[in-house]
Structures are given as C-alpha cells and as structure tokens.
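Enquirer: I'd like to ask you about the structure that follows.
The values are calculated or read from the model by the stated rules, or taken from the named source; none is laboratory data. Being a predicted model, the structure only gives us computed values, none of them experimental. Ideal geometry is used to build each Cβ from the backbone, glycine not excepted, and the neighbour counts take in all protein chains shown.
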Amino acid sequence: MSFKQECKKKSFVYLHGLIHYIEPYISTAKNSKELIDSLIDAFKYYKYQKILLISSEDITDNQLLETLYKTGLTSNVNFISFPLKENQATTFQVEKALHEYISNQCQAILVIGDSVAIDLGKAVKARFLNLDLSIYQMRGFANIPHRKQQPLLFIIPLSLAGNESNLSSCILDHNHFEKIYLIDRLLSCDYIFYCPSSLTSLSADQFIGDICIALANALEALISKNATKNSRSTAAVSIKLILSALKNPIFSELQQFSQIENLIESEKNVKIQIYREKKHEFFSLLESLQEASNFSGKASAKCLTGYTQALRDALEVHYQIVDYKVTPLLFLAIVKMYQQKLSNSQEEILSNKENYQQLFQEISEALIKLIADWKLPQHLSFIRATDFDSIIHLVKKEMTDYYASPYELDKDNLSAILKSLQ
C-alpha cells in the first residue's frame, strides 16, 4: 500500500466517529404489504418515477417483486429490473447496471437481495457519480471524488450479513484476479427496509451462513486494532444478540418452518398449526437477528474487519464459491486459531485476556453446534493444496491493504487453517 493510501486508511478509521456519515432511515415492517407501502411512500415523497431495481437471482419470481410492480404501477412508479444472473458482483455487471440506469433515466437505486446485490448497488452509485473513473480507479479508501449524495440508495436486505449498514462495496475483477474494495462514506445507504417475513424463503445454508458472516464481522471488529470505544460497544451488542438468538429454543425449530410461507396445506395439518402458534416468536427472533446484522455492519464500517473476510474473498476468487457457503467452517477454523494465539501469547495483545478466551470458546462451541444441527458441510473438499500459496498471497495483500487484526497469521498459520477445511 502506498504512503498516501495508508494515510487515507488511518484517517478514514480515526475520523469516522467525528465526521460521521448520515445515518440511514430504518423502517421495520410486519409483513410484505406494509414493507412495500412504506417503500412506495418514500418514492412518492421524492417524486421518483423511474427506479433501477437490482435483485438477487433467486427472488426473480418472488411474490414480493410481483406485489411491488403492481403497487408501483398504481402509484406511477416504474421499476427497471436488473436481476443478477450470477451470485457475484463483477465489474462487468456494474457497467451493465450503470447502462440501464442512465439509458432509462432512473432517479434512484433499489436493491432487493443479498450482500452481493447490495455491493453491486453501491458500486453502481459510485460509478454514476464518477463516470470518468472506473471501479478499479476508485478502489481503496475515500477515492470516490464526487461527494454528492444522489442518487439515493434504498435497500431491502434479504440476508443477515449486515452489508446494508457498512461503508464498503466488494466487486470481483476477473481481469486482475482479485476483489476490489471501495470504502467510502458515500457508500452508506439512505433507506433500509427490514421485514422478518422476507427471510422465510432463505435456504438453510444461506440463513446460517449469513448469521456466521455477521458474527465473524462483529468479532473481527471487536478485536481490531482500529477499534474505538464506540465500535467495540456496537460489535459487542451484535455478538450478544446473535449468541442469545442461537441459544433460544425457537431457533432450532426455524429449520422446520423456513419454507412454510410457500406451502399450501390443510388447515388441520399439525405442522401448520404449530407454526401459527409460534409465528410471533419466530418473527421476534428474526427481528433480533436483523438488528444484530445491522450492528455488525456498523461496527465493521467503523474499524473494518479481518482474516475471515480476507480468506473468504480469496476462496471466492479461486473457486467462485458463494461466501455464505464457506463461512461457518472457515470462521470456526479462524476462531480456533485465535484461541491458540491468545493462549500461547506472552504479550497482552488483547486486554482482558480471560474474557476473550471465554468469548472465543463460546463462539467456537456455538459454531460447532450450528454446523452439526443444521447438517452443514464439515469439509470443503474443493480446496486444493496446490492453490495454498496463491490463496495466502491474496489474503496477505488484502490484510495489508484494508484490515488491522491484532494477530498476524503467517504462512504456516494460514496453511493450517486451509488444511483444516479440506
């Protein structure tokens, strides 16, 4: 990293709490109708008539989108659809979405989807404000020169990873064989619309993977060298909410009912009756997890994240694997490495060493139980030993450029983590 960029990195972190970005407006709806009504009201308030809609591929036929289109038509709000065809936000897709935005004279960006769709929406906003600069030229800290807030960015997150509340966008660049990070206050979204019922269609692996991503980001933010009193407090709240949710007896029952909203069954069906009786408890738990993911995103925005993110990015570049599929097992391996480092260290790298040992142990046990209970893969057999050097190179580069972990994991440490995943 250049001296200029290193200065930008430190300034971004240390001034974040002083020159704070505008907090997004947050709305929590009880159901999809209330969610869409609130969203359309916001568009009508700004007198927007054309919206670029970026959506995850797996919700292209979702009832949520159909209702949105119908409600929009009655309110003279038209949506220019841009569904993600791949589960990756790439530089090519940014340019395609930008073309749709400009050619259709859109006035705002709406994202309905997971963290990939959210990253794409943020990158499109950055490109629209700086048409003469490529994504590659804007990579790094505070390299988006145009400071205008428009176009407004509206997000309905269909994930629990917390990307909606951070200040970054991660774009895959196949030409340079790397992930490009844009980190800037301009990438804060303007409106976030939460709705617990929107999470009921998530697959089990995405649901658990997203929770693990939020938990990993919160832990990395908590122990980061860049952490402030405020960011530690925010990260601690996120961790507490997630661990509390995982211990809730209702959590283990979510797996049975994750697809229940889409089922058409007899009123006398026992499964349906149990679900209806506990629906309020299920949705309260999902609301708590959405709150935790929001706090996790805020904490990682203030002090960035660490090795879990860097390793996840390197694996995605190499194997085109979706981040939430590798995170539970990967995060478990990294927490165990942190436990080992903390036990063996003679230095007081982390204050309250005993408290951190307990926290690492609690998270490790929670991850082991999650992986077993939800029958997630216990090995990532696609990882090849011949790729270790290349993966580790990408991890070290990303850590140098963006992150600040209290531990420096060397080649042997990173190799041990990768071997434990095979």
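Enquirer: Which one is farthest from Glu66 (Cα to Cα), of the residues in the range 81-131 that are among the basic types (Lys, Arg) and surrounded by fewer than 19 Cβ atoms within 10 Å (Cβ to Cβ)?
Expert: It comes out as Lys96.
Enquirer: Determine, yes or no, whether Ser159 is within 24 Å of Leu304 (Cα to Cα), more than 15 Å from the chain's Cα centre (by Cα), outside any strand (DSSP E or B) and among the hydroxyl-bearing types (Ser, Thr, Tyr). Before the answer, list the steps.
Expert: Numbers: within 24 Å of Leu304 (Cα to Cα): yes; more than 15 Å from the chain's Cα centre (by Cα): no; outside any strand (DSSP E or B): yes; among the hydroxyl-bearing types (Ser, Thr, Tyr): yes.
Answer is no for this residue.
Enquirer: What do you reckon, is Ile112 out of contact with any Lys or Arg (no Cβ under 7 Å at 6 or more places or on another chain), of a type in the set (Val, Ile, Thr) and in a helix (DSSP H, G or I)?
Expert: On the way: out of contact with any Lys or Arg (no Cβ under 7 Å at 6 or more places or on another chain): yes; of a type in the set (Val, Ile, Thr): yes; in a helix (DSSP H, G or I): no.
When the stated conditions are applied, Ile112 does not pass them.
Enquirer: Whether any residue in the range 14-28 is assigned to a helix (DSSP H, G or I), more than 22 Å from the chain's Cα centre (by Cα), modelled with pLDDT under 95 and under 30 Å from Cys303 (Cβ atoms) is what I want to check. Show your work before the answer.
Expert: Narrowing the range 14-28 to residues assigned to a helix (DSSP H, G or I): 14-15.
The next check asks that each one be more than 22 Å from the chain's Cα centre (by Cα); those that pass are 14-15.
Narrowing the set further to residues that are modelled with pLDDT under 95 leaves 14-15.
Filter again for under 30 Å from Cys303 (Cβ atoms), leaving 14-15.
Checking the range 14-28: at least one residue is assigned to a helix (DSSP H, G or I), more than 22 Å from the chain's Cα centre (by Cα), modelled with pLDDT under 95 and under 30 Å from Cys303 (Cβ atoms).
Enquirer: I'd like the residue in the range 349-389 that is among the hydroxyl-bearing types (Ser, Thr, Tyr) and surrounded by 13 or more Cβ atoms within 10 Å (Cβ to Cβ) and, out of all such residues, is nearest to Lys411 (Cα to Cα). Spell out the reasoning first.
Expert: Initially, the range 349-389 is screened for residues among the hydroxyl-bearing types (Ser, Thr, Tyr), giving 351, 356, 364, 381, 386.
Checking the rest, the ones that are also surrounded by 13 or more Cβ atoms within 10 Å (Cβ to Cβ) come to 356, 364.
Numbers: Tyr356: 24, Ser364: 23 Å.
Looking at the filtered set, the residue picked out is Ser364.
Enquirer: Looking only at the range 35-54, count every residue that is part of a helix (DSSP H, G or I) and either touching a residue at least 60 places away in the same chain (Cβ under 8 Å) or hydrophobic (A, V, I, L, M, F, W, C) (or both) and tell me the total.
Expert: Going through the range 35-54 one residue at a time, the tally reaches 8.
Enquirer: Being more than 12 Å from Thr91 (Cα to Cα), part of a strand (DSSP E or B) and touching a residue at least 60 places away in the same chain (Cβ under 8 Å), is that true of even one residue in the range 120-137?
Expert: no
Enquirer: Do the conditions hold for Lys336, that is, is it of a type in the set (Lys, Arg) and farther than 16 Å from Val317 by Cβ? Give the steps one after another, and end with the answer.
Expert: Values: of a type in the set (Lys, Arg): yes; farther than 16 Å from Val317 by Cβ: yes.
Here the answer is yes, as Lys336 does meet what is asked.
Enquirer: Residues of the range 176-190 being within 20 Å of Leu311 (Cβ to Cβ) and not hydroxyl-bearing (Ser, Thr, Tyr), which ones? So that I can check it myself, show each step before the final result.
Expert: Our first condition is that a residue be within 20 Å of Leu311 (Cβ to Cβ); within the range 176-190, this holds for 176-181, 183.
His176, Phe177, Glu178, Lys179, Ile180, Ile183, listed by residue number.
Enquirer: Something else now. Across the range 178-211, what is the total count of residues that are under 15 Å from Asp323 (Cα atoms) and in a helix (DSSP H, G or I)?
Expert: Number satisfying all stated conditions: 8.
Enquirer: Regarding Lys50, is this residue basic (Lys, Arg) and either under 27 Å from Leu202 (Cβ atoms) or outside the structural domain of Ile171 (by TED's automatic domain parsing) (or both)?
Expert: Numbers: basic (Lys, Arg): yes; either under 27 Å from Leu202 (Cβ atoms) or outside the structural domain of Ile171 (by TED's automatic domain parsing) (or both): no.
When the stated conditions are applied, Lys50 does not pass them.
Enquirer: While we're looking at this one, here's another question. Taking only the range 193-222 into account, find how many residues are surrounded by fewer than 23 Cβ atoms within 10 Å (Cβ to Cβ) and of a type in the set (Val, Ile, Thr).
Expert: 1
Enquirer: Give Leu215, Leu241 a once-over and let me know the one that is touching an Asp or Glu at 6+ places or on another chain (Cβ under 7 Å) and either assigned to a helix (DSSP H, G or I) or in contact (Cβ under 8 Å) with a residue 24 or more places away in the chain (or both).
Expert: It is Leu241.
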